[in-house]
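Enquirer: Once you've had a glance at the structure underneath, I'll fire off some questions.
Computed from the coordinates by the stated procedures, all read-outs in this text should not be read as laboratory data. Here the structure is a predicted model, which is why all the values come from computation and not from measurement. Quick reminder, even Gly has a Cβ in these numbers, built from the backbone with ideal geometry, and neighbours come from all protein chains shown.
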Amino acid sequence: MWLSNSSIGRKVVMSITGLFLVLFLTFHMCMNLVALISPAGYNAVCQFLGANWYALAGTVILAAGAVLHIVYAFWLTLQNRKARGNDRYLVNTRPQTVEWASQNMLVLGIIVLLGLVLHLFNFWYKMQLNEIVGHLPEVNPHDGIALIRETFGCPIYVVIYLIWFVALWFHLTHGFWSAMQTIGINNHVWFNRWKCISNIFATIICLGFAAVAITSPEAIFLMGGLAKAGDLLFEPVKDHMEMNLLKIYSNKVKILPSKLTKNVAIYGAAALVWKELEK
């Protein structure tokens with residue numbers, strides 16, 4: 001079968017499965033934005049996409065597409081290395097016409113895969129699989145907001161996820177336009193256009209994901225003479241913050257007085273001046 005026996009066929013499979021995964025990423029990012037706007041709405045979506053037959057069918061199809069994409073990626077890479085033989089060691093500099101992401105798609109793909117495994121453990125394992133098997137009775141599989149808060153309340157997870165999003169951005173910026181080129185939706189006019197669209201699309205997707213991970217401060221510290229006003233300052237600040245805060249973080253962020261000494265502002269200003277003098 002030419003889809004598996006020829007290099008072009010394998011690239012077509014890679015492209016189609018990749019575009020299928022792109023559609024899922026778009027849906028997932030939109031679902032994340034719902035979490036930022038309405039926690040109740042997000043939990044309703046989580047309940048709708050629980051252990052129902054349509055959700056399970058979608059999970060199986062998605063998993064099959066992901067497995068095909070990963071298997072064909074390794075297959076193509078190994079065959080390309082085999083075809084080049086020892087010649088791949090003869091060139092030590094990257095050609096100017098070849099993107100960095102293009103030369104490192106396998107490494108980027110591995111990072112994306114590892115991030116995916118972590119994400120499945122943090123969310124799918126505790127939500128849909130938990131609803132099916134019931135192995136975590138203490139976790140509510142429909143309370144996605146609680147899982148988001150718990151996961152991204154850990155700074156280590158935030159850093160890991162941000163690294164994952166950066167790798168995903170590079171992977172998407174090359175993979176999207178390359179897929180369009182492979183399946184023939186491309187010409188000399190649209191070549192640069194697809195590259196531009198890929199960059200914009202990947203940026204929107206990754207920023208949408210990152211928004212959930214990084215917009216969760218545990219506390220905001222106030223300092224200076226005004227902070228000594230106590231509740232006269234902290235209560236109205238807290239009230240106004242809650243009025244304008246995303247609902248997902250409602251009643252979660254603390255307003256605390258700083259424990260730093262009164263001279264910290266002077267030290268900070270002096271450090272800035274010293275830095276400018278060193279230039």
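Enquirer: How would you order 36-42, 58-64, 169-175 from highest to lowest mean count of nearby Cβ atoms within 10 Å?
Expert: Numbers: 36-42: 15.9, 58-64: 12.6, 169-175: 22.0.
Order by mean packing, descending: 169-175, 36-42, 58-64.
Enquirer: Another question about this same structure. What is the extension gain from Asn186 to Leu114, computed as 0.36 nm multiplied by their sequence separation minus the C-alpha to C-alpha distance, in nm to one decimal?
Expert: Working: separation 72, 0.36 × 72 = 25.92 nm, distance 3.16 nm.
Result for the pair: 22.8 nm of gain on full extension.
Enquirer: So between Ser7 and Ala66, what do we pick up on full extension, going 0.36 nm a residue minus the alpha carbon distance? Working shown, then result.
Expert: Working: separation 59, 0.36 × 59 = 21.24 nm, distance 1.93 nm.
Roughly 19.3 nm would be gained on extension.
Enquirer: Moving on to the next point. Once the piece of chain linking Trp100 and Glu235 is laid out straight, how much longer is it, given 0.36 nm per residue of separation minus the C-alpha distance between them?
Expert: Values: separation 135, 0.36 × 135 = 48.60 nm, distance 5.11 nm.
This chain segment gains 43.5 nm when fully extended.
Enquirer: Quick one: Debye curve from the C-alpha atoms of region 2-214, no solvent, what's log10 I(q)/I(0) at q = 0.10, 0.12 Å⁻¹?
Expert: Here the Debye-derived log intensity ratios amount to -0.51, -0.72.
Enquirer: With θ set to phi - 60° and the Karplus curve 6.51 cos²θ - 1.76 cosθ + 1.60, what are the ³J(HN,Hα) couplings of region 168-183 in order, to the nearest whole Hz, using x for Gly and Pro?
Expert: Calculated HN-Hα couplings, in order: 5, 4, 4, 4, 6, 4, 8, x, 5, 5, 5, 5, 4, 5, 5, 8 Hz.
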